[in-house]
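The values are calculated or read from the model by the stated rules, or taken from the named source; none is laboratory data. What you see is a predicted model, and the numbers here were worked out from it, not measured in a lab. Neighbour counts run over all protein chains shown; Cβ positions are idealised from the backbone, glycine included. Calculation scope for accessible area: heavy atoms of the full protein, side chains included, ligands and nucleic acids excluded. Shrake-Rupley method; radii C 1.70, N 1.55, O 1.52, S 1.80 Å.
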Amino acid sequence: MREEEIEKLRGVVRDCVSKHLYSSAIFFADKVAALTNDPADIYMQAQALFLGRHFRRAFHLLNASKIVLTDLRFRYLAAKCLEELNDWDQCLSMLNLPHHHTNNSLIYLDKDAAAAEINISSAICFLRAKAYEALENRAQARLWYIAAVKADPLCYEALECLIEKHMLTCDEEANLLSSLQFGPEDGWLASFYSCLTKKYDKESVVEAKFRELEKESCISDSSDSSITQTLKTNTDLLACKAEYYHQCGEYQKCFELTSVLLEKDPFHLKSTLVHLAAAMELGNSNELYLMACNLVKDYPQKALSWFAVGCYYYCIKKYDQSHRYFSKATNLDGTFPPAWIGYGNAYAAREEGDQAMSVYRTAARLFPGCHLPTLYIGMEYMRTHSFKLAEQFFMQAKTICPSDPLVYNELGVVAYHMKEYNKAALWFEKTLAHIPSPLSELWEPTVVNLAHAYRKLKMYHEAISHYEKALALSTRSVSTYAGLAYTYHLQDNFTAAITYYHKALWLKPDDQFCTEMLSVALVDECRRGVDPKIEFRRSEVFV
């Protein structure tokens, strides 16, 4: 057979692969490899077998070839076959490349790779990380995911695993991104990656990142005019923005954005997860029910689907059922952080503290870059009045994520319980400093807590000022009115105290503290006597 005829057959194989006609591709690739015995044709045959899901046959073909010992492409494809066969130990043995050290400082450079290709060593590092993770060696998996991203910043999958599975702390994520060597034309990618990481920075910093990316444009010259396209409506970017709204506590804004995204792309799973989280916070059980039904129908084998079912039952306060479905989600995918958090929360809601702590500890071990399990362990200790232990875990959570305002709020609460009011006031002030402005109703309890701390420190004017700020955020809080009334009472301003005690009792008529203190305030007002100004006016009338 002439060379041009063989080249034509190679073209047929490539066309069959592009049209997903894998049996045809395997048939013709087998004939080409038999005729030429060329390593490139053997590789093409193995690739056709891999795409046709004949993994054992593809591995046998590659392993029988001596080239597998010297060519990285052959070895990588052989390891991919073993990955599909879940033979992780042999997969690691196959990837045990010569001159490829186990630390992440050395990066093998694929000199023959084209500029548009992802470095083969990056793909090998990524596959090695997946193998270690499957073997539950998460420390090594983390190192190799980092090595994969460093070998080639275009290896998005490795970065996604590091972020989604919370393998890095906030500082480690920032350090990793700053160490990546992007090409001169990849500035937009550096900005995009920074938007994917944890978004607890100052509001102005995060907003600036989004604005920079939204301006990124591509000008395509058409026959009639130049058309400019931007990333402003990109689904991934908008999903990142929705995530940011959720972290800021702007749940309604987040829910509206994810609703628009899911209309545009109903199967965008990242948007789906954020949408579920926002619906949970808003108590939108109808939306959770519909989402859960659709996800279970479309993705019965995904942890996200059963997590959605668990969220629905948690929302309607059926914690037994929610616990069951969160557990199912963790069994389907043990590296899905929201399912573990939900699982622990379901136990906590049933006041089964020991089981909740056990789940949170497992989550803290699996996801060292996620501060929430540690934070929830501290909350459980605080619920049982073990304040010193609670403080230790809150400080640990602060180390993992030093910019989450919720951590500072919990540190303030535990300091208040331990009667360390100066420290409590400091933590509450730091909480408010980390919250994006303007303040939402979500943070009204923090403002009230700070006012309580000021009152304990006898800083009555500051306390009154913060109680009034809290009332501007929410007018339905009994504790705010009670605290304001008591502060006025301590200042001997009995008239104002009586007014606010009445407002508190209007919201909660059976409040024991307000009822008793109102009686005391009325007695104190009577004992103080009549206002001298009023007495003077009365005497004028009699004259």
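A compact table of results
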{"quantity": "Odd one out for SER65, checked against (1) in contact with a helix residue (DSSP H, G or I) (Cβ under 9 Å, 6 or more places away or on another chain); (2) over 26 Å from LEU135 (Cα atoms); (3) at pLDDT 90 or above", "calculated": "(3)"}
{"quantity": "Out of LEU432, LEU439, sole residue that is part of a loop (DSSP other than H, G, I, E, B) and either out of contact with any helix residue (DSSP H, G or I) (no Cβ under 6 Å at 6 or more places or on another chain) or open to solvent by 40 Å² or more (accessible area, probe 1.4 Å) (or both)", "calculated": "LEU439"}
{"quantity": "Residue, least open to solvent (accessible area, probe 1.4 Å), within segment 244-302, restricted to residues that are within 19 Å of GLU207 (Cβ to Cβ) and not in a helix (DSSP H, G or I)", "calculated": "GLY249"}
{"quantity": "Residue pairs meeting the criteria (Cβ under 7 Å; at least 6 apart or on separate chains; first outside any helix (DSSP H, G or I), in segment 312-330; second loosely packed, with under 15 Cβ neighbours inside 10 Å)", "calculated": "none"}
{"quantity": "Residue within segment 365-380 that is farther than 24 Å from THR197 by Cβ and of a type in the set (Ser, Thr, Tyr) present", "calculated": "no"}
{"quantity": "Every residue from segment 343-367 that is over 17 Å from TYR325 (Cβ atoms) and surrounded by fewer than 20 Cβ atoms within 10 Å (Cβ to Cβ)", "calculated": "GLU351, GLY353, ASP354, MET357, SER358, ARG361, THR362, ARG365"}
{"quantity": "For PRO402: the one exception among (1) over 30 Å from LEU168 (Cβ atoms); (2) open to solvent by 20 Å² or more (accessible area, probe 1.4 Å)", "calculated": "(1)"}
{"quantity": "Helices (runs of 4 or more DSSP H) contained entirely in segment 1-100, each with at least 1 residues that are in contact with a Gly (Cβ under 9 Å, 6 or more places away or on another chain) and of a type in the set (Ser, Thr, Tyr)", "calculated": "22-36"}
{"quantity": "Among (1) under 15 Å from LEU522 (Cα atoms); (2) open to solvent by less than 30 Å² (accessible area, probe 1.4 Å) - the single one TYR467 does not satisfy", "calculated": "(1)"}
{"quantity": "Residues that are outside any loop (DSSP other than H, G, I, E, B) and basic (Lys, Arg), drawn from segment 350-365", "calculated": "ARG361, ARG365"}
{"quantity": "Search result, residues across segment 381-397 that are open to solvent by less than 50 Å² (accessible area, probe 1.4 Å), under 29 Å from ARG142 (Cα atoms) and either touching a strand residue (DSSP E or B) at 6+ places or on another chain (Cβ under 8 Å) or not small (Gly, Ala, Ser) (or both)", "calculated": "GLU391, PHE393, PHE394"}
{"quantity": "Counted residues, segment 341-370 - those being touching a Cys at 6+ places or on another chain (Cβ under 9 Å), without any contact (Cβ under 8 Å) to a residue 60 or more places away in the chain and more than 14 Å from TYR314 (Cβ to Cβ)", "calculated": "2"}
{"quantity": "Meets criteria (part of a helix (DSSP H, G or I), modelled with pLDDT of 85 or more and open to solvent by less than 30 Å² (accessible area, probe 1.4 Å)) for PHE192", "calculated": "yes"}
{"quantity": "Pick from segment 392-411, criterion hydrophobic (A, V, I, L, M, F, W, C) and in a helix (DSSP H, G or I), ranking: farthest from CYS248 (Cα to Cα)", "calculated": "PHE393"}
{"quantity": "Subset of segment 366-391 [farther than 26 Å from PHE336 by Cα, part of a helix (DSSP H, G or I) and not aliphatic (A, V, I, L, M)]", "calculated": "ARG383, PHE387, LYS388, GLU391"}
{"quantity": "Cross-chain or 6+ apart pairs with Cβ under 9 Å, segment 150-175 first and touching a residue at least 60 places away in the same chain (Cβ under 8 Å) and assigned to a loop (DSSP other than H, G, I, E, B), then aromatic (Phe, Trp, Tyr) and open to solvent by 20 Å² or more (accessible area, probe 1.4 Å)", "calculated": "LYS165/PHE336"}
{"quantity": "Check on TYR343, in a helix (DSSP H, G or I), modelled with pLDDT of 95 or more and farther than 25 Å from ALA292 by Cα", "calculated": "no"}
